[in-house]
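The block underneath contains the structure these notes are about, expressed in structure tokens.
The values are calculated or read from the model by the stated rules, or taken from the named source; none is laboratory data. All figures in this text were calculated on a predicted structure; none of them were measured in a lab. Positions of Cβ are generated from backbone atoms using ideal geometry, with glycine treated the same way; all protein chains shown enter the neighbour counts. Just the protein is used for accessible areas: all its heavy atoms, side chains included, with ligands, DNA and RNA removed. Shrake-Rupley method; radii C 1.70, N 1.55, O 1.52, S 1.80 Å.
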Amino acid sequence: MKKLLLLASLTPLLLLSNLSSADESSPYYAGFGFSLNIPENDNQFKTSLGYQLFGGYQFETKIADVISLSAEAGYHNTGDFDGKAYISNGTITIEDSFNSAGVWVAGVFGYEVFDSISINGKLGADLGDDDGILFGVGLGYQVFDEIKVNVDYINRSNSQAGQFNIIYQF
């Protein structure tokens, strides 16, 4: 009960402190999105629909004064890659379905092409079922000051994905 009272009394202070700095944008962001995933062995497995959740920090300093740099971490789940029938040595085979999920960390590089349009690149490591290096490229559109949408292509060790993400800048 004491914790609840403490939280209730601190919440208005936190909200007021946030309002006083409303003109200053935070370097932190969070996002979520949906993905169409293609397995490495796509002749044996179907594509799948998945999702991702992530957060990041955009550094103030820019490379050559034009390329932004962010550190990002997230979780992805590809959904189930269902097996599809294929012929191997004269035998029809259907592989069991599988799912790939895990966390990633990456550096994200951004370049603003026009006022609201940017291109980005991502390089990092996947630490889940799809262990290894990941890289990607994408296109972003700044819908509002705090809201951005991205369409990205991500290549992991065992799968590729087309992603649609919504990002909120705190």
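Taking amide H positions as placed 1.01 Å from N in the peptide plane, with prolines and chain starts having none, which residues 5 or more places from ASP126, or on another chain, fall under 5 Å of its amide H?
Hits under the 5 Å cutoff: GLY132, ILE133, LEU134.
Among THR78, THR47, what's the order by accessible area (1.4 angstrom probe), most exposed first? Kindly include the intermediate steps, with their values, before the conclusion.
Values: THR78 0, THR47 80 Å².
The residues order as THR47, THR78, largest area first.
Along the Cα-to-C-beta direction of ASN43, a point sits 7 Å from the Cα; which residues of the range 91-108 have their amide N less than 16 Å from that point?
91-95
Using a basic spin-label model with each label point 7 Å from the Cα along Cα→Cβ, how many nm lie between ILE92 and PHE34?
It works out to 3.2 nm between the two label points.
Can you list residues from other chains, or at least 5 along the same chain, whose modelled amide H is less than 5 Å from the amide H of SER97?
Long-range HN contacts for SER97: GLY83.
Mind checking which aspartates and glutamates have their C-alpha under 17 Å from LYS46, skipping anything on the same chain fewer than 8 residues away?
Filter leaves ASP80, ASP82, GLU95, ASP96, ASP130.
Can you give the accessible area per residue of the chain, in Å², using a 1.4 Å probe?
For the chain, the per-residue accessible area is 64 Å².
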